[in-house]
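To start, the structure under review is shown below, and the notes come after it.
The values are calculated or read from the model by the stated rules, or taken from the named source; none is laboratory data. No experiment lies behind these values; they were computed from the predicted model shown. Every residue, glycine as well, gets a Cβ built from its backbone with ideal geometry; the counts of neighbours run over all protein chains shown. Side chains are part of the model used for accessible areas, which takes the heavy atoms of the whole protein and leaves out ligands, DNA and RNA. Shrake-Rupley method; radii C 1.70, N 1.55, O 1.52, S 1.80 Å.
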Amino acid sequence: MTQATRYSAEQIKELAEATAGWRGWDLLRLNIRKAPTPWQLEDVSRELLTGKESVLDMGCGDGRVLASLADRYRRGIGVDVSKSRVDRARLSLPMKLRMRVHFTRASAHAVPAPGGTFHLVINRHAPLFPEEVDRVLAPGGVFMTQQVGNQDSRAVYATFGLERAYSPPAEVMLPGTLNVLTEFDYRLLRHEAYDVPMVFGDIPSLLFWMQSVPVPHDFDAEQDAATVLEIIDRLGTPNGIVTNEHRELLVMQKPE
Ligand SMILES: C[S@@+](CC[C@H](N)C(=O)[O-])C[C@H]1O[C@@H](n2cnc3c(N)ncnc32)[C@H](O)[C@@H]1O
C-alpha cells in the first residue's frame, strides 16, 4: 500500500490549513532528517569568530542563527524587512543577550549602521545586496552567505512540472554577488555546494515546508491537493517522503 492511499484530497487540504498556522521557520516543529552535510553557515561562522567581533545578519528572520552564535562575538545586529519576524526575534532573544544583540526592521540594502562597522556579515537564505555588504564591512572583514541551490528538492518541483527547483529574484543570485565582490577585489575564501538526501518524516512537515517556501509559487491547498497526493505516492517510502537538499556557500574577504 502506498502512503497516498491513506490520505484523501480533503485531508490534505485540512492538514495544509492546520500547518499554515505554524509560525515562521520554526524548524523545531519540522520532522525533517537529512544526511550529514559538509558544512552549515553557523559552523563556518563559528570557526572565524573569536569573541571580539561585531556581526551583522542580513535578512535575519527570527534571529535564531545570530542568537546561536552570540557566545562567539561581542556585538550583533540582525536586520529584516518583516516586522513580525523582527518582533519574534526580539521576543525569542534570551534576556542575558539583550544588551549586545539587537534586531532592527530595515532592508538589507540600506542597513542603519555607519560604513565599516562589521567584522563579519552573514546572510542565510536571504536576498543579497553586495554593494551594501561592502559599505558596512570593515577592511579585512568577511562576508558569508548560504543560499538554497537551484537543484533543491528537485523531485518535488518536478511533480509540479517545474524544471528548476528555485527561481530567485536577481538580487538573490549568488553568482552576481561573487562577481560584484570580485570586482571590489575581495578574496575568495570558499565557494562550495552540497546536495544530500533529505526526508520529510510526516505529511504536515511536507505541507508546512511547501507553504513556507512556497512550492509551487502560488500554493493553494484546494488546487494543489491532487499534486501533493502524487508527491506522496511517488516519493513516499516507509521512512517518509524522500527528496534532496541543495545548498551553496560563498565566503569572501574584503581587502585590508
Ligand atoms: C528564508 S528567510 C531566512 C531567514 C534567516 N536568515 C534564516 O536563515 O532562518 C528570508 C528572510 O529574508 C527577509 N528579507 C527579504 N527581503 C529582505 C530585504 N530586502 N532586507 C532584509 N530582509 C529581507 C525575509 O523577511 C525573511 O525573514
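Please name all residue pairs, on different chains or six or more residues apart, with Cβ atoms under 8 Å, provided the first residue is in segment 80-95 and is away from the ligand (no atom under 14 Å from the Cβ) and the second residue is modelled with pLDDT of 95 or more and among the hydrophobic types (A, V, I, L, M, F, W, C).
As it stands, the answer is LEU93/ALA67; LEU93/VAL101; LEU93/PHE103; PRO94/ALA67, since those pairs meet every condition given.
Could you say whether any residue in segment 122-145 is open to solvent by 50 Å² or more (accessible area, probe 1.4 Å), in contact with a Phe, Trp or Tyr (Cβ under 9 Å, 6 or more places away or on another chain), part of a strand (DSSP E or B) and assigned by TED's automatic domain parsing to the domain that holds GLY76?
No; the residues of segment 122-145 include none that is open to solvent by 50 Å² or more (accessible area, probe 1.4 Å), in contact with a Phe, Trp or Tyr (Cβ under 9 Å, 6 or more places away or on another chain), part of a strand (DSSP E or B) and assigned by TED's automatic domain parsing to the domain that holds GLY76.
Restricting to segment 31-79, count the residues that are open to solvent by less than 70 Å² (accessible area, probe 1.4 Å) and either assigned to a loop (DSSP other than H, G, I, E, B) or within 16 Å of the ligand (Cβ to nearest atom) (or both).
33
Please go through (1) farther than 30 Å from MET198 by Cβ; (2) surrounded by 16 or more Cβ atoms within 10 Å (Cβ to Cβ); (3) hydroxyl-bearing (Ser, Thr, Tyr) for THR159 and return the number of the only condition it doesn't satisfy.
Condition (1) is where THR159 drops out.
Which condition breaks for ALA16 when tested against (1) modelled with pLDDT under 95; (2) of a type in the set (Gly, Ala, Ser); (3) closer than 26 Å to GLY140 by Cα?
The one condition ALA16 does not meet is (3).
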